[in-house]
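> One structure is given below, represented as structure tokens, and several questions about it will come after.
FYI, it's all coordinate maths here, none of it is from the lab. Small disclaimer: the values here were computed from a predicted structure and weren't measured. Every residue, glycine as well, gets a Cβ built from its backbone with ideal geometry; the counts of neighbours run over all protein chains shown.
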Protein chains: 2
Amino acid sequence: MIVNPEIEKYLESLHRFNDPVLEKMERLAQKLNFPIVGRQVGMFLYILTKQKKPSLVVELGSGFGYSGYWFAKGLDRGLVALIDYKEENINKAKDFFKEAGIQNRALFFTGDAVEVARQFQDIDILFLDLEKSRYLEAVEKLKNNLSEDALIIADNVLWHGKVVDENPDKKTKAIKEFNEYMFRNFNSVILPIRDGVLLAMKKSI
Amino acid sequence: MIVNPEIEKYLESLHRFNDPVLEKMERLAQKLNFPIVGRQVGMFLYILTKQKKPSLVVELGSGFGYSGYWFAKGLDRGLVALIDYKEENINKAKDFFKEAGIQNRALFFTGDAVEVARQFQDIDILFLDLEKSRYLEAVEKLKNNLSEDALIIADNVLWHGKVVDENPDKKTKAIKEFNEYMFRNFNSVILPIRDGVLLAMKKSI
């Protein structure tokens with residue numbers, strides 16, 4: 001357990017936001033048992049995007065576009081690049097974005113997320129939600145593709161709370177190693193919303 | 001309880017940041033049993049400031065300057081206004097800022113925080129950490145003093161987890177009312193770090 005379930009319920013009860021496409025995505029996630037970031041993290045990504053006003057957001061591991069949807073909604077101008085290794089997911093994302101009329105704010109790619117992302121320069125927000133064992137590799141390979149004040153956001157960094165297990169499994173170990181790497185090499189903070197969200201930027205303090 | 005104490009301990013263990021003035025402030029807080037936001041929230045405020053690049057941050061309830069210190073550190077240009085009703089606190093804040101060589105990034109005021117803040121226009125970040133029963137009044141009185149994309153940040157909005165009490169006391173009720181008001185009138189999210197931090201901005205979705 002990460003957050004007291006009663007608190008979690010309270011936090012969820014406060015969100016009264018209606019959006020038919022978003023609700024459709026949430027129903028699909030439930031039906032497929034597909035992990036999505038949910039409304040709390042979604043609104044957080046939205047607020048961060050509105051505040052930062054990025055020109056380019058790049059997502060590694062977009063699934064069918066739930067987090068990308070919140071980023072896109074938060075863009076005044078600029079683009080979000082959605083990348084997933086499954087064409088089926090990306091096709092669904094395209095459909096949802098079209099239905100919401102925000103397809104012009106997005107680019108869609110199928111392939112290895114890290115390799116696809118390397119074609120971009122000046123990434124303002126890099127969102128990590130791919131295979132957990134690849135987080136560290138992703139940051140190392142893409143750190144020269146970031147803009148000066150880029151924000152790195154990583155999902156699932158508390159891994160269902162397993163980061164405090166006495167005998168962590170291989171995946172958990174990889175996440176812990178990633179967290180330590182990020183705190184050593186960047187200014188970082190982990191927010192215990194949902195499954196843990198890490199925020200990081202270039203070390204300046 | 002808000003967050004699993006083991007997770008809390010893990011999160012704290014990751015912060016390896018050294019700063020003699022900050023450590024002095026932390027020791028003073030411990031000695032006086034004075035509530036400060038701590039390193040996790042501090043680093044979060046720092047990252048938000050670096051990302052947003054505000055011209056003016058206004059704090060309601062600065063204590064002896066711990067949160068203000070993180071804001072000031074995050075400012076590339078611009079100012080943070082520290083306000084507290086106790087002159088003794090503000091004098092300590094001045095000394096700490098001077099010792100750290102960042103006094104030129106700050107303005108210091110003693111008085112009723114809401115009344116002092118009303119003299120400012122175009123506040124980019126409004127930080128609420130005053131008497132909890134006054135949060136709602138503060139936002140209502142200051143909403144016309146905010147800049148277009150202003151970020152409102154409020155501390156202690158989960159109030160030691162009491163927001164889920166079956167029979168909440170008066171102060172807890174005031175905080176719950178504030179949270180509901182913020183989710184109704186702004187785009188808001190509550191992050192369960194430490195005692196709960198609310199982020200909000202003008203409704204755009």
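> So what is Rg over Rh here for the protein assembly as shown, counting just Cα atoms and using Kirkwood for Rh?
That ratio is 0.95, to two decimals.
> Taking the alpha-carbon distance from B:Lys171 and a cut-off under 17 Å, which aspartates and glutamates remain once sequence neighbours fewer than 8 residues away in the same chain are dropped?
B:Asp129, B:Glu131, B:Glu137, B:Asp155, B:Glu180, B:Asp195
> With the label 7 angstrom out along Cα to Cβ, how close does B:Asn185 come to the same site in each of the other copies, in nm, nearest first?
Counterpart label points of B:Asn185 in the remaining copies fall at 4.5 nm.
> May I pose another question? Nearest 500 deg cm²/dmol is fine: what mean residue ellipticity at 222 nm does chain B get from its DSSP H runs of n ≥ 4 alone, each adding -39,500 (n - 2.57), divided by its residue count?
-13500 deg cm²/dmol
> Which aspartates and glutamates, on any chain, are close to B:Lys98 with Cα under 20 Å apart, when same-chain ones fewer than 8 places away are left out?
B:Asp19, B:Glu23, B:Glu26, B:Glu59, B:Asp76, B:Asp84, B:Glu87, B:Glu88
> Let me ask you something else. So how strong a dipole does the range B:5-202 carry about its Cα centre when Lys and Arg Cβ are +1 and Asp and Glu Cβ are -1, to the nearest 20 debye?
The dipole of the range B:5-202 has a size of about 300 debye.
> Projected onto the charge dipole of chain B (+1 at Lys/Arg Cβ, -1 at Asp/Glu Cβ, origin at the Cα centre), which of B:Ile36, B:Gly101, B:Met201 gives the Cα projection farthest towards the positive end?
B:Gly101
> Can you list which of the GluC sites (Glu not before Pro) found in the range B:141-192 are DSSP loop residues with at most 15 other C-beta atoms within 10 Å?
B:Glu166
> Could you work out, for the range A:20-70, what percent of all Cα-Cα pairs fall into each 10 Å distance bin, beginning at 0 Å and stopping at the bin that holds the largest distance?
24, 54, 20, 2
> Follow-up question, since we're still on this one. Considering only the label points, 7 Å along Cα→Cβ from Cα, what distances in nm to one decimal separate A:Lys170 from the same position in each other copy, shortest first?
Those label-point separations list as 6.0 nm.
> Working out 0.36 nm times the residue gap between B:Glu140 and B:Lys9, then minus their Cα-Cα distance, what length gain in nm do you get to one decimal?
43.5 nm
> Sticking with this one: Say the dipole of the range B:1-80 comes from +1 at the beta carbon of Lys and Arg and -1 at that of Asp and Glu; which of B:Thr49, B:Tyr10, B:Leu22 then lies farthest toward its positive end?
Towards the positive end, the residue furthest out is B:Thr49.
> Run the dipole for the range B:97-148 about the Cα centre, Lys and Arg Cβ at +1, Asp and Glu Cβ at -1, nothing else charged, and hand back the magnitude in debye, nearest 20.
Roughly 80 debye, rounded to the nearest 20.
> Hey, another quick one. Around A:Val116, what is the net charge, scoring Lys/Arg as +1 and Asp/Glu as -1 over all other residues with Cβ under 12 Å from its Cβ? Kindly include the intermediate steps, with their values, before the conclusion.
Values: positive: A:Arg118, A:Lys141; negative: A:Glu59, A:Asp84, A:Asp112, A:Glu115.
With Lys, Arg at +1 and Asp, Glu at -1, the net is -2.
> Using a label point 7 Å beyond Cα on the Cα-Cβ vector, give me the inter-copy distances for B:Lys31 in nanometres, one decimal, shortest first.
6.4
> Also, quick follow-up: Remind me, relative contact order of chain B in percent, using alpha carbon pairs under 8 angstrom and six or more residues apart? Can you show the working numbers first?
Details: 344 pairs, mean separation 37.6, N = 205.
Relative CO of chain B lands at 18 percent.
> Name the residue from B:Gly74, B:Asn156, B:Gly63 whose Cα lies farthest towards the positive end of the charge dipole of the range B:5-202, charges +1 on Cβ of Lys and Arg and -1 on Cβ of Asp and Glu.
Towards the positive end, the residue furthest out is B:Gly74.
> Let me ask something else. DSSP loop trypsin sites (Lys or Arg not before Pro) in the range B:69-105 with at most 15 other Cβ atoms within 10 Å of their Cβ, which ones?
In loop regions of the range B:69-105 (DSSP not H, G, I, E or B), the sparsely surrounded trypsin sites (Lys or Arg not before Pro) are B:Arg77, B:Lys86.
> Could you list, in their original order, any pairs among B:Lys24/B:Lys92; A:Lys50/B:Lys176; B:Lys9/B:Lys92 whose Cα atoms are separated by more than 22 Å?
A:Lys50/B:Lys176; B:Lys9/B:Lys92
> Magnitude of the Cβ-charge dipole of the protein assembly as shown, K/R +1 and D/E -1, about the Cα centre, nearest 20 debye?
Its charge dipole is roughly 380 debye.
> Continuing with this model, one more query. Can you give the Kirkwood hydrodynamic radius of the range A:5-202 from its Cα pairs, in Å with one decimal?
Hydrodynamic radius (Kirkwood, Cα only) of the range A:5-202 equals 17.0 Å.
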